[in-house]
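Here the structure is laid out as structure tokens; the discussion comes afterwards.
The values are calculated or read from the model by the stated rules, or taken from the named source; none is laboratory data. This structure is a prediction, so every number in the text was calculated from the model and none was measured. Virtual Cβ from ideal backbone geometry, glycine too; neighbours counted across all protein chains shown. These accessible areas exclude ligands, DNA and RNA; they are computed on the full protein's heavy atoms, side chains included. Shrake-Rupley method; radii C 1.70, N 1.55, O 1.52, S 1.80 Å.
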Amino acid sequence: MGTLVWTTPSRLRMQINRVDVYASNASSNSFIEPHNDYCGGCAFLDIDFGEAIFSQSGCRQHLQIFDGRLLVDAANLTLEVYPVFSHDVLAISISDRRTDRQPITASLRSLRYDPKYVGFQLEVNAREYASTLQTRDQTARTRVMAGDGFITLTQEFREAAYFCSSAVAAKFVGAHGESEIVNETAVQLRTADQSSCRILVGSAASFDQHVDIAAASRTQIDAVTGIDPTSLKSESESWWHAFWQRGSLELRSSDGTAEFIQSNYHYFLYLMASTSQGKFPPKFNGMLWNTGGDFRMWGAQHWWTNLSCYYEALPASGRFDLMDPVFDMYTNMFEACSTAAHQEWGSQGIYIAETVYFDGLERLPESIASEMQELYLQRKPWEQRSAAFMAYASTKHPYSSVWNWEGVGHWKQGRYIVPERGDGPYGPTSHWITATAKVAYLFWRRYEYTQDEQWLRLRAYPMLRGAVEFYRCHPNVKKGSDGKYHIHGVNNGEAVRGATDTTEDIAAMRATTAALIRAAELLQLDSQTLPAWREFFANIAPLPTSDNRDAIGAENYKGPRIFVSGLKPVVRPGTSAVIQDINSLPTWFFDLSNVETSDRGMVDLAQATLDELLRVNPQDSENPGGLSKVGVAAASLGRTDAAKKFIPRQMNASPSTNSSSYKKSAVLRNRMNLLEGTQALAAEHLGRASEALHMALLQSNPPSPAGQPIIHVFPAWPKEWDASYTLFARGGFTVTASMENGEVKSVALYSSAGSPCRLRNPYSKTVQLYRDGRRAETLSGSLLEFKTTSGEDIEVKPQQAAE
């Protein structure tokens with residue numbers, strides 16, 4: 001649970017949100033208009049102090065990141081707000097020093113109220129202080145309750161077999177509270193004589209209609225009510241202090257830019273720790289910070305490209321527990337993704353769509369699925385689609401990848417008209433299928449960092465196998481006359497639609513197949529299928545380049561040889577198809593181009609591609625977008641302009657002249673922005689920039705996908721900036737290193753898994769190893785290779801300094 005905290009003159013205000021509250025799921029037929037499906041919101045919470053005490057000039061708000069608490073100082077009133085990590089509870093501590101104290105009133109209010117006829121439910125609602133909002137087949141019922149010192153607000157969402165409920169409860173501790181149901185949308189708790197007290201706010205959610213959700217929220221509060229305030233706050237602070245001890249940075253530069261990067265990086269980790277500990281990942285568009293009720297731009301579905309901004313940045317931080325929600329969500333939709341692979345594409349394995357609900361894609365009626373296959377694989381002309389197919393599609397959300405050929409509708413004479421985008425079955429995300437491989441590769445990457453074989457066997461391997469089998473068995477992946485496997489009719493990002501051998505898909509096939517083969521060998525699984533996977537891997541078509549006569553956009557391109565979006569034939573080439581999508585850049589994500597890549601020709605192509613991208617789109621250099629991977633790409637290639645230019649500019653994005661969002665999408669005082677639109681507060685820019693920062697400070701990339709990683713300290717860090725850090729590396733290593741005045745001063749490694757270590761020599765001279773404080777062997781050369789044991793601390797020093 002979480003909330004933004006803001007003030008009006010007499011009130012402290014919150015909207016309690018949760019990551020596991022969804023008003024509908026993948027099977028919904030009720031939300032056909034963009035942005036109107038919703039999730040997360042539970043209740044408004046207002047604390048009224050009876051007078052205008054929060055004046056703009058006399059009120060200070062300080063979010064203390066290290067301690068994880070909010071301090072609000074007003075005239076003769078101090079508030080502290082902090083989370084209780086053992087339960088779903090927020091604690092609000094009030095110190096009231098006013099001589100003429102006014103009553104303090106805590107109110108819970110419904111996020112929605114639209115009284116309409118709902119049959120017999122009207123009488124039930126009147127008796128129970130409840131209200132029901134109906135949206136086509138879906139109903140949202142809110143109820144308020146008071147008693148036993150609590151106020152409680154519950155929600156129930158229903159549509160066909162779908163059910164989800166939530167509750168928020170509040171209670172005064174240290175002061176007597178009188179409760180009152182104001183009306184069917186609000187309930188309040190008031191205390192009149194207090195110098196200091198606390199308000200505890202608890203919440204709960206469930207997909208089980210048999211759970212007493214109101215009692216569940218009150219149980220959260222009861223569990224911590226007896227703990228004294230000092231101990232409760234100390235417990236919260238101790239959690240945060242332990243969190244920061246797991247790894248942090250110290251960056252220094254003469255102009256303060258490095259310090260600016262450092263503070264934003266730590267703030268990003270704070271945001272992730274505050275939002276990514278539940279059953280599901282926070283939505284990219286609002287996270288847990290919505291303030292306007294149900295509405296948020298882009299609704300309730302998950303876009304992988306947006307979600308990846310937050311989670312691709314985390315492995316090097318070592319906060320693998322914060323990645324659990326995203327891994328759990330995709331694991332739990334595995335069966336639905338397997339069904340989708342078969343129904344939509346006639347393939348095997350799993351299909352993770354770019355845009356999905358929290359439970360994946362819905363199971364389609366077989367007649368609809370059969371026709372969909374024929375249409376989407378272009379085996380049946382779009383003009384011959386049936387009335388039954390179109391009728392089924394008419395109740396589906398147009399932002400779902402499955403139905404993304406639908407455009408944004410409008411109302412006309414009482415009817416909702418949904419236009420098509422004009423490319424037959426193709427839409428921005430309809431045939432953008434690489435989310436499957438990207439998610440699977442992130443599962444693999446967690447294994448690379450932790451060396452947890454149980455994770456590999458039970459979690460990563462099924463995802464890798466599913467991704468590779470989806471591609472290998474896809475009807476539009478065919479071996480051509482050149483003996484290579486080519487893929488046809490797929491998107492490269494949102495802009496390029498229906499292309500051949502896209503960079504996205506070729507890179508995805510290469511990396512995931514390499515990872516699957518290595519995983520199968522490590523686990524000694526699928527020995528009968530391994531030969532087929534090896535043959536497939538050996539014959540995947542090359543990445544498309546501008547010198548290919550079928551390269552999209554090559555006829556107007558006169559620059560150096562670079563990677564391109566894909567090859568012809570193509571349905572929609574996009575406006576600048578020769579240039580890759582800056583928000584994806586798959587050759588970098590899939591370990592195909594970095595400082596340790598063994599194929600130097602590939603690296604040269606990547607360097608030229610990035611140069612051309614920045615030449616054609618200079619705004620990506622001057623003001624990188626929130627999703628832009630330009631900093632990640634530059635740092636991966638060892639370019640110090642990543643740290644000096646792209647990272648700080650992305651963290652502090654300037655207003656965009658083309659944006660219609662608040663403050664033109666510029667970064668707000670709370671370091672987030674509204675790039676994604678109204679009520680879609682986001683930190684995507686901080687996540688992408690943090691990933692680039694990791695790459696500038698420490699890389700542990702393999703020479704090729706699934707190869708043995710090579711640790712490389714400060715590969716793209718400016719020589720004139722100082723830095724020290726503790727970060728995590730593939731192979732199960734924790735790396736602590738420092739640089740001063742352009743020279744590496746120290747390198748130490750902790751081996752959690754006992755893996756062999758391959759370290760790019762940070763000193764360019766003979767080095768002395770110290771194992772658990774004892775002098776050990778000397779090593780020389782550009783690449784240092786040595787064995788380690790689990791739990792071992794290793795220092796690497798230049799031999800002269802060691803002596």
### Task
Give me the percent of the accessible area of the chain that comes from carbon and sulfur atoms, probe 1.4 Å, all protein chains in place.
47
### Query
Just the accessible area for ARG600, please: 1.4 Å probe, Å², rounded to the nearest 10?
120
### Message
Assuming 0.36 nm per residue, please report the length gained on full extension of the stretch ASP793 to SER95 beyond their Cα-Cα distance.
### Response
246.5 nm
### Task
State to the nearest 20 debye the size of the charge dipole of the range 421-489 about its Cα centre, where the only charges are +1 on K and R beta carbons and -1 on D and E beta carbons.
80
### Task
Please work out the average accessible area per residue across the chain, using the 1.4 Å probe convention, and give it in Å².
37
### Query
Along the positive direction of the dipole of the range 249-369 (beta-carbon charges: Lys, Arg +1; Asp, Glu -1; about the Cα centre), which of PRO281, PHE334, MET297 reaches farthest?
MET297
### Task
Express in whole angstrom the spacing between the alpha-carbon centres of the range 175-203 and the range 105-143.
22
### Query
Zone of TYR117 (label point 7 Å along Cα→Cβ, backbone N under 20 Å): which residues in the range 133-163?
133-140
### Only Lys, Arg (+1) and Asp, Glu (-1) charged, at Cβ; the chain dipole about Cα centre in debye
960
### Query
Listed highest first by mean packing, meaning other Cβ atoms within 10 Å per residue, what order do 267-275, 389-397, 194-202, 645-653 come in?
645-653, 267-275, 194-202, 389-397
### Query
What shape does the chain take by its C-alpha gyration tensor, where a ≥ b ≥ c are the square roots of the eigenvalues and a/c under 1.5 counts as rounded, a/b above b/c as prolate, and the rest as oblate?
oblate
### Relative contact order [Cα under 8 Å, 6+ residues apart], the chain, whole percent
10
### Summary
Projected onto the charge dipole of the chain (unit charges on the beta-carbon of Lys, Arg, Asp and Glu, signs +1, +1, -1, -1), the Cα from SER55, LEU674, SER10 with the largest positive-side position is that of LEU674
### Message
What's the magnitude of the charge dipole for the range 752-803 around its Cα centre, counting Lys and Arg as +1 and Asp and Glu as -1 at the beta-carbon? Answer in Debye, nearest 20.
### Response
140
### Query
Once amide H atoms are placed 1.01 Å from N in the peptide plane, what residues at a sequence separation of 5 or more from SER584, or on another chain, have their amide H within under 5 Å of its amide H?
LYS629
## Note on the structure
A chain fully extended from ALA532 to ARG600 at 0.36 nm per residue, minus the present Cα-Cα distance, gains in nm 21.6 nm
### Query
trypsin sites (Lys or Arg not before Pro) within the range 549-582: which are DSSP loop residues with at most 14 other Cβ atoms inside 10 Å?
ARG549, LYS558
### Task
Go through the range 87-160 and name the chymotrypsin sites (Phe, Trp or Tyr not before Pro) that are in a DSSP coil and have 10 or fewer other Cβ atoms within 10 Å of their Cβ.
TYR117, PHE120
### Query
Just the accessible area for HIS241, please: 1.4 Å probe, Å², rounded to the nearest 10?
50
### Query
At a Förster radius of 25 Å, what calculated FRET efficiency corresponds to the Cβ-Cβ distance of GLU622 and THR575, to the nearest 0.05?
0.80
### Task
Mind giving me the nanometre distance, one decimal, between the label points for SER654 and TRP6, set 7 Å out from Cα along Cα→Cβ?
2.7
### Summary
Per the helix-only model, the chain has a calculated mean residue ellipticity at 222 nm (DSSP H runs of ≥4, -39500 (n - 2.57) each, divided over all residues, rounded to the nearest 500) of -8000 deg cm²/dmol
### Query
Under 5 Å between amide H atoms, partner at least 5 residues away or on a different chain: which partners does LEU77 have, H built in plane at 1.01 Å?
ARG97
#### Entry: Built amide H within the under 5 Å cut-off of ILE151, gap 5+
ALA170
### Task
Could you rank the peptides 566-572, 12-18 by their average count of other C-beta atoms within 10 Å per residue, with the highest value first?
12-18, 566-572
## Note on the structure
Once normalised by the length of the range 64-111, the mean sequence separation of its alpha carbon contacts under 8 Å that are 6 or more apart gives a contact order in percent of 25
### Query
Taking Cα centroids, how far is the range 566-621 from the range 488-505 in Å?
14
### Query
Between THR219 and ASP328, what FRET efficiency comes out of the Förster formula 1/(1 + (r/R0)^6) with R0 = 25 Å and r the beta carbon distance, rounded to 0.05?
0.60
### Task
DSSP loop (so not H, G, I, E, B), at most 13 other Cβ within 10 Å: list which chymotrypsin sites (Phe, Trp or Tyr not before Pro) in the range 9-77 pass both filters.
PHE66
#### Entry: Separation of alpha-carbon centers, the range 673-717 and the range 425-485, rounded to whole Å
21
### Task
Work out, step by step, the length gained on full extension between LEU522 and ASN539: first 0.36 nm times the residue separation, then minus their alpha carbon distance; give nm to one decimal.
3.9 nm
### Task
Apply 1/(1 + (r/R0)^6) to the Cβ-Cβ distance of LEU668 and ARG363, taking R0 = 45 Å, and write down the FRET efficiency to the nearest 0.05.
0.60
